[in-house]
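What follows is a short report on a single structure.
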Amino acid sequence: MKISMFHLMPHRELPDDFEKRYESVWVTPPWWELADPERVSQYYNWSLDELIYAAKMGFDGICTNEHHQNAYGFMPNPNLMGSALAKMTNGLDVAIVQMGSTLPTSPPIRVAEEYAMIDQISGGRLIAGMPLGTSMDVNFIYGVPPMDQRPRWREAHDLIVKAWTTNEIFAWNGRYYQYGMVNIWPRPVQQPHPPIWVPGAGSVSTWDLVAELGHVYCFLSYFGAKAAKRFAEGFWEAVARRGLDLNPYRFGFLQLVCVSETDARAEEEYGRHVEYFYHKDLHIPLHLFAAPGHQDYRSLVSSLKNPAIVEAWLALKEMRFRDFNEQSFVIAGSPATVRDRLVEEVIRGLRVGNLMVLLQIGSMPHELTLKNIDLFAREVLPHLRHYWEDEGWENHWWPKKLLKAEGAASSS
Amino acid sequence: MVQVQDRTVSTWSDEITVHVKTAGSGPPLVFLHGAGGLRWDPFLEGLAQSYTVYAPEGPGTTPGDPDAVRKLDDLWDLVFLYSDLLDRLGLERVPIIGHSFGGMLAAELAACYPERVSKLVLIAPIGLWRDDVPIRNIATYPPEELPKALFYDPEGEVARMVLAMPQDGEEAAEAQARFIWAMASTIGKFAWPIPDKGLKKRIYRIRAPTLIVWGKDDRLVPPVYAEEFARRIPGARVAMIERAGHLPQLEQLEQVLPTVRQFLAA
């Protein structure tokens, strides 16, 4: 079992009436009305410090991600964060999980280079996330025609892997990218290349693609394990259809988690931050979710016939902390509650080998975030870490150096 | 009612089959649909009284063949595909009418092959851009605001006919998917994120007599663009239609149909 801390780097102090006054948290939130540059500087440093603290407390990985024009997550280039984290965590057995450079909007050889740099700085601890990107980021903000998003991803992926693994200089004459002389410096430390994870939001087509390529699929959902059941089953069916083993490390899942001394205390401490997250940070009009062509035809028909997700989005504003907790959008409570529910609902329930936990949620202040990280690391993580071990699955999607270090530690 | 036939034409090295709705009698006429896809409407019905109307379904917009459009890279490929199509239909020289996205396509064809387009009718075309009057991407409209952007009278009969959805849940989902996919196969592929793909550099080449039709209350593509097209196409004439939005040929059929027929007959 691998457990990583995920961070969105949100605006932590949006006004109380944000969702009433503004159309969206993403694409159109006005910077000068909503952001205080000095506070934002503080957010970045808190966020980095929180991830570094998690690394020091023994998490297996720390995750960054990429969004644009977004008040709930503004790491437009996650590799700037990732390189700082790589440097600051040298000497710790923690993976730098970049979740990551959005391939359709970044020059592919630049991604290959930046990832190789992080792998170099961290001494071979990179996990290379390759998101297809959201419609907001890729179509509405970066202007990529929605119909080109998936084929662009595929071409960029193939080019990056080839740039990492081919010794000779080569020419790339692609549909979207042409390079005359590909010969990137540096190459990654990890050979033949760093593990590749593909984050997604439950699209049928992405499961098939990831299963075909043999990478890790990470379901980045904010709706928790219960809502994810159907998606996880779909992914595992896609894996089985290809005759691949049901190695739990093929699947990653993001879960919001709040740990306190008792269940009641968790509600008291974290309740309003969870509500802030779902009411303000997910304040996004539905039509921005999928520009025409962002989903392929098959996925489009499938999602139009399953209005459950749309209904769930529309219901968010009516829900309170207790609803979010009961419906597993967030798993909150005492260490015992949290670890039992994580095992039951997430790890075993969805067959998750790579768990990512969001421990800084919405408006959660720095000190409380550190407490959440601290309690999770001390009281929850050690109980989950060995899950899957007795089944003998091998994690092919983790930096080898870290697996070796772990082997050395457990045999000593 | 004229008899509408569904004709299939092989194009693009026989890789893409284009369905062409064909109806009427008389000299040939080509109609290129907008981003919502092709629907046989009263305007086409009216044209078919005196013309043989060829109305192709853009690649991707034909039910059952959504991925045909993926074989094309960009607007250039699409323009060549339509040139193939005119060849295969045996239309050496023909009048072309284009609406919205189809208007951009018609203008491109007329600029690239000035000798093939005998007359050009552009109904609320996209294809040009002014920084002082930006065109809001149709995909950024919340669904409830779309009728107001498209129609002079969002509650009117024409709006209701165009926006009608099946009652049955499954059928409604299919219809909605077809509509979204038509947008994907047009602007989501060839005119994203800004409908300026270089027509301004080529538009001077248009030699066909040109009629530009615009609804005075077009809130999607503001009528100031009528002047923009007219200014750049030698001898072009503008028909500004009162009490009409982005689909003047339907909202003011009684006025637009005779205007277009007169122009074509002259």
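When you check A:Thr105 against the structure, is it within 14 Å of chain B (Cβ to nearest Cβ) and of a type in the set (S, T, N, Q), yes or no? Considered against the rule, which asks whether it is within 14 Å of chain B (Cβ to nearest Cβ) and of a type in the set (S, T, N, Q), A:Thr105 comes out as yes. Scanning segment A:71-97 for residues that are farther than 19 Å from A:Met130 by Cα and in contact with an Asp or Glu (Cβ under 8 Å, 6 or more places away or on another chain) turns up A:Ala71, A:Tyr72, A:Asp93, A:Val94. When segment A:293-303 is filtered for residues that are over 27 Å from A:Glu23 (Cα atoms) and either in contact with a Cys (Cβ under 8 Å, 6 or more places away or on another chain) or more than 9 Å from chain B (Cβ to nearest Cβ) (or both), only A:Ser302 remains.
Between B:Ile212, B:Ile126, B:Ile187, which is within 14 Å of chain A (Cβ to nearest Cβ) and modelled with pLDDT of 95 or more? Walk me through how you get there before you give the answer.
Details: B:Ile212 fails: within 14 Å of chain A (Cβ to nearest Cβ); B:Ile126 fails: within 14 Å of chain A (Cβ to nearest Cβ).
Within the list B:Ile212, B:Ile126, B:Ile187, the selection yields B:Ile187.
For B:Pro66, are the conditions met, namely being surrounded by 18 or more Cβ atoms within 10 Å (Cβ to Cβ) and in contact with a strand residue (DSSP E or B) (Cβ under 6 Å, 6 or more places away or on another chain)? When the stated conditions are applied, B:Pro66 does not pass them.
Has segment A:362-381 got any residue that is crowded, with 19+ Cβ neighbours inside 10 Å, among the hydrophobic types (A, V, I, L, M, F, W, C) and outside any helix (DSSP H, G or I)? Among the residues of segment A:362-381, at least one is crowded, with 19+ Cβ neighbours inside 10 Å, among the hydrophobic types (A, V, I, L, M, F, W, C) and outside any helix (DSSP H, G or I), which makes the answer yes. Answer yes or no as to whether B:Phe179 is aromatic (Phe, Trp, Tyr), within 14 Å of another protein chain (Cβ to nearest Cβ) and out of contact with any helix residue (DSSP H, G or I) (no Cβ under 9 Å at 6 or more places or on another chain). In short, yes.
Restricting B:Arg232, B:Arg219, B:Arg205 to those that are over 15 Å from the mean Cα position of the chain (by Cα), in contact (Cβ under 8 Å) with a residue 60 or more places away in the chain and over 24 Å from B:Pro134 (Cα atoms) reduces the list to B:Arg205. Of the helices (runs of 4 or more DSSP H) entirely within segment A:75-190, those holding at least 1 residues that are free of Cβ contacts under 8 Å to residues at least 12 places away in the same chain and either of a type in the set (Lys, Arg) or surrounded by 24 or more Cβ atoms within 10 Å (Cβ to Cβ) (or both) occupy A:108-121.
So, A:His11, is that one out of contact with any Lys or Arg (no Cβ under 8 Å at 6 or more places or on another chain) and within 26 Å of A:Val198 (Cβ to Cβ) or not?
Values: out of contact with any Lys or Arg (no Cβ under 8 Å at 6 or more places or on another chain): yes; within 26 Å of A:Val198 (Cβ to Cβ): no.
Answer is no for this residue.
If you filter segment B:202-256 down to residues that are among the basic types (Lys, Arg) and farther than 14 Å from B:Met104 by Cβ, you find that the one that is surrounded by the most Cβ atoms within 10 Å (Cβ to Cβ) is B:Arg219.
Is there a residue being within 12 Å of another protein chain (Cβ to nearest Cβ) and closer than 15 Å to B:Gly36 by Cβ anywhere in segment B:218-228?
no
For segment A:278-292, residues that are within 11 Å of chain B (Cβ to nearest Cβ) and crowded, with 23+ Cβ neighbours inside 10 Å total 2.
Residue under question is A:Leu256, and the condition is that it be away from every other protein chain (no Cβ under 14 Å) and either under 30 Å from A:Ile127 (Cβ atoms) or touching a Lys or Arg at 6+ places or on another chain (Cβ under 6 Å) (or both); does it hold?
Taking the combined requirement at face value, the residue satisfies it.
Residue-level check: of (1) free of Cβ contacts under 8 Å to residues at least 12 places away in the same chain; (2) closer than 24 Å to B:Leu211 by Cα, B:Asp67 misses just (2). Pick from segment A:35-58 the residues that are part of a helix (DSSP H, G or I) and among the aliphatic types (A, V, I, L, M): which of them is farthest from A:Val25 (Cα to Cα)? So, considering only residues that are part of a helix (DSSP H, G or I) and among the aliphatic types (A, V, I, L, M), the one farthest from A:Val25 (Cα to Cα) is A:Ala55. Among the residues of segment A:306-314, not a single one is among the small types (Gly, Ala, Ser), touching a residue at least 60 places away in the same chain (Cβ under 8 Å) and part of a loop (DSSP other than H, G, I, E, B).
Against the conditions (1) surrounded by fewer than 24 Cβ atoms within 10 Å (Cβ to Cβ); (2) away from chain A (no Cβ under 14 Å), B:Pro142 satisfies every one except (2).
The values are calculated or read from the model by the stated rules, or taken from the named source; none is laboratory data. Bear in mind that the values here come from a model prediction, so they are computed numbers and not experimental data. Cβ coordinates were reconstructed from backbone atoms using ideal geometry, including for glycine residues, and neighbour counts include every protein chain displayed.
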